[in-house]
Amino acid sequence: MKTMALGNSKVVNLLFTPAGVLMGSKLRKWLMNPETTLCAAEVQSGQRVLEVGCGTGFFTLPAAQMVGDRGCVVALDVTSGFLKVVARKVQAAGLQNVHILRRDALATGLDSASLDKVLLFGVIPFPLLPLSKLLPEMHRVLRSGATLSVWLFPPLVHNWVPKAIAQSGLFHQTKAHRNVYNFVRLPRKAHDHG
Ligand SMILES: C[S@@+](CC[C@H](N)C(=O)[O-])C[C@H]1O[C@@H](n2cnc3c(N)ncnc32)[C@H](O)[C@@H]1O
């Protein structure tokens, strides 16, 4: 089954419901402050941010508050049930700068060079998000000099994920702080003007 159909499947949404509850739980908020993690990713006022795999919006709302009215957050996920939860939270918070998008992150359909930052928070590794396909798409949608931030969970993947991103040749690692690895988008080589 294709990723988009999978994300709309009743069975998948039912199976994912407990994970969604955990992702948005008070216990998680007590264990980790989303604002602190977003600060480690250097999310700033005015940025246009793409959040890949936003789930039930644990990071979405604080990110939208941090970028403010001059910026925006594109909250992208493939799972329809999760996005309904995000939509309810965004409406309840009265936020106008969140764009909720049900898309496969490997083919976002977003304009090239239209974003300042991509957040890959808690989504790597994930079977439907192979870095070999995800990174070129993230490179495409980011403008020149824009950044990619990856929050890794669990710690077991800390060794290979940052290395694999650097080895792609598309991003260069800058700072790492509080399990967040920051990268800057590199220009493509020679014939490519991106
Ligand atoms: C472990 S959850 C993390 C959710 C959120 N980032 C958090 O930390 O609370 C992974 C999310 O990635 C989404 N996802 C997986 N593959 C995807 C794809 N190819 N395109 C878009 N979203 C995807 C899933 O639906 C799920 O919501």
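Bear in mind that the values in this text are calculations on the coordinates, not laboratory data. This is a predicted model, so every value here is computed, not measured. Here Cβ is always computed from backbone atoms with ideal geometry, including for glycine, and neighbour counts include all displayed protein chains.
Of all residues in the stretch 9-51, those being assigned to a helix (DSSP H, G or I) and acidic (Asp, Glu) number 1. Evaluated against (1) without any contact (Cβ under 8 Å) to a residue 60 or more places away in the chain; (2) under 20 Å from Gly57 (Cβ atoms); (3) not polar (S, T, N, Q), Ala166 falls short on exactly one condition, (2). Would a scan of the stretch 77-97 turn up a residue that is in contact with an Asp or Glu (Cβ under 8 Å, 6 or more places away or on another chain), closer than 21 Å to Leu15 by Cα, without any contact (Cβ under 8 Å) to a residue 60 or more places away in the chain and not basic (Lys, Arg)? Yes - at least one qualifying residue is present in the stretch 77-97.
Filtered by the rule that a residue be in contact with a Lys or Arg (Cβ under 8 Å, 6 or more places away or on another chain) and of a type in the set (Gly, Ala, Ser), the stretch 54-97 gives Gly57, Gly71, Ser80. Annotation: Cys39 fulfils all but one of (1) touching a residue at least 40 places away in the same chain (Cβ under 8 Å); (2) under 21 Å from Phe171 (Cα atoms); the unmet one is (1).
Would you mind finding the one in Leu120, Leu148, Leu106 that is surrounded by 14 or more Cβ atoms within 10 Å (Cβ to Cβ), aliphatic (A, V, I, L, M), within 14 Å of the ligand (Cβ to nearest atom) and assigned to a strand (DSSP E or B)?
The match here is Leu120.
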